[in-house]
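K.L.:
Here's a structure for you.
The values are calculated or read from the model by the stated rules, or taken from the named source; none is laboratory data. As the structure is a computational prediction, the values presented were derived from the model and not from experiment. Backbone-built Cβ (ideal geometry, glycine too); neighbour counts: all protein chains shown. SASA here: full protein model, heavy atoms, side chains in, ligands and nucleic acids out. Shrake-Rupley method; radii C 1.70, N 1.55, O 1.52, S 1.80 Å.
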Amino acid sequence: MATEEINSLPESYPMLGGDGPYSYAKNSTFQRGFVDATKGMVFAGIAEKLDLKSLGIYSSSTFQIADLGCSVGPNTFIAVQNIIEAVEQKYLEAANQHHSTLEFRVFFNDHSDNDFNTLFQTLPPNRKYFAAGVPGSFHNRLFPKSSLHIVHSSSALHWLSRVPKEITDSTTLAWNKGSIHCTGFVKEVATAYSAQFSNDFESFFNARAEEIVPGGLMLILIAVRPDGIPMSKNPEGIHYDFLGCCLYDLAKMGLISEEKVDSFNLPIYYPSLGEFETLIKRNANFSIEKKHMFTNPLMQKAYCAEFWAGLLRAGLENLFQQHFGSLQVVDQIFKYYSRKLEQNISFIMEGKSHDRIELCIILKRN
């Protein structure tokens, strides 16, 4: 790994570990909807685009898979199992055999402060692979050159390596006072977020270009915005705006300081579809082999405020505790948010699913 990469480590935003009531393990049903909805797409992509012969995969070979941004499960185990089943099916058809002799090694990656203990304690007991944990940011190199055959990442690439510096500086036009994310309405803020995402995405792709063997695949599942739709008009942005309003309410009550709220920004950015595709095409190391746009089936269901509050807390509690201090304060924030969300849930959720696109994209290493 280059010295400049070591000296510029990304910030870390792990999901809430353990198996408690607010844990990611118990509040990631929505993310599982991504994995379940794309199983057929993954099977078709691997069947059509993975050339085992050109990869040098034979009966005695070890097939290596990495899931980047794995968190604590169980979604990562389901995604990995889907990939393995698809590769085995492809191998059996290509080799004209009835029993697969391939061996699989799976690398589960997330930040070093991810709850790997929970991850490995809940590994499927009858798994068909050797498991290993790889701590570190996927914005940097993680693996030796040309060592991976398939890389998978789901519901992770919208996390930035850091909050853009400009939006925290009160002396610049990009100071994001009054908001906790990129609403899309202030040009300078939107530019800062977009530039940070572009830089992170380039780093991610350059790292994977080193690690994936020529002909290997990368499977990315991510939510994007329709072109022309600002962040504040899609479901995530609406929830973040509402959360920001709750924080300012609590500041007015004296429970948290307004200065703390002004300096808080989410390191999260959902690109537009066109923006995302442009960044991919800019990198000559990969070709787009298949692209599917779909709607997470869970977007069509009516969930209570408690469900959405749990989903948000599982992803943001550690970030909130780092910024606002004690767990007691975090409890107050999310209890207030949940209560206010319950009073406004129909207004917030009504008719907003069309302003979000789920994207499954399959890329091949050139």
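K.L.:
I need the helices (runs of 4 or more DSSP H) fully contained in segment 33-147, keeping only those with at least 1 residues that are closer than 27 Å to M15 by Cβ and under 22 Å from the mean Cα position of the chain (by Cα).
P.N.:
39-49, 75-95, 116-121
K.L.:
How many residues does segment 227-262 contain that are part of a loop (DSSP other than H, G, I, E, B) and crowded, with 17+ Cβ neighbours inside 10 Å?
P.N.:
Selection size over segment 227-262: 3.
K.L.:
If you scan segment 68-84, which residues turn out to be open to solvent by less than 10 Å² (accessible area, probe 1.4 Å) and either among the aliphatic types (A, V, I, L, M) or within 19 Å of K364 (Cα to Cα) (or both)?
P.N.:
L68, V72, A79, V80, I83, I84
K.L.:
What are the pairs, 6+ residues apart or on separate chains, where a residue within segment 55-69 that is free of Cβ contacts under 8 Å to residues at least 60 places away in the same chain and of a type in the set (V, I, T) has its Cβ under 9 Å from a residue that is in a loop (DSSP other than H, G, I, E, B) and open to solvent by less than 20 Å² (accessible area, probe 1.4 Å)?
P.N.:
That search, which allows pairs on different chains as well, returns T62/L102.
K.L.:
Condition first: of a type outside the set (V, I, T), within 21 Å of Y270 (Cβ to Cβ) and in a strand (DSSP E or B). Now tell me which residues in segment 206-221 satisfy that.
P.N.:
Once the filter is applied, which keeps residues that are of a type outside the set (V, I, T), within 21 Å of Y270 (Cβ to Cβ) and in a strand (DSSP E or B), segment 206-221 yields M218, L219, L221.
K.L.:
Residue check: is I288 surrounded by 17 or more Cβ atoms within 10 Å (Cβ to Cβ), touching a strand residue (DSSP E or B) at 6+ places or on another chain (Cβ under 7 Å), over 24 Å from W175 (Cα atoms) and of a type outside the set (D, E, K, R)?
P.N.:
When the stated conditions are applied, I288 does not pass them.
K.L.:
Exactly one of these conditions fails for A131: (1) touching a Phe, Trp or Tyr at 6+ places or on another chain (Cβ under 7 Å); (2) open to solvent by less than 30 Å² (accessible area, probe 1.4 Å); (3) of a type outside the set (V, I, T). Give me its number.
P.N.:
(2)
K.L.:
A further question on this structure: Would you mind finding the one in S71, S12 that is in contact with an Asp or Glu (Cβ under 9 Å, 6 or more places away or on another chain), at pLDDT below 95 and either closer than 28 Å to T118 by Cα or basic (K, R) (or both)?
P.N.:
Working: S71 fails: at pLDDT below 95.
The conditions single out S12.
K.L.:
Hey, does segment 295-310 have a residue that's open to solvent by less than 40 Å² (accessible area, probe 1.4 Å), in a helix (DSSP H, G or I), of a type outside the set (F, W, Y) and closer than 20 Å to F185 by Cα?
P.N.:
No, the conditions are met nowhere in segment 295-310.
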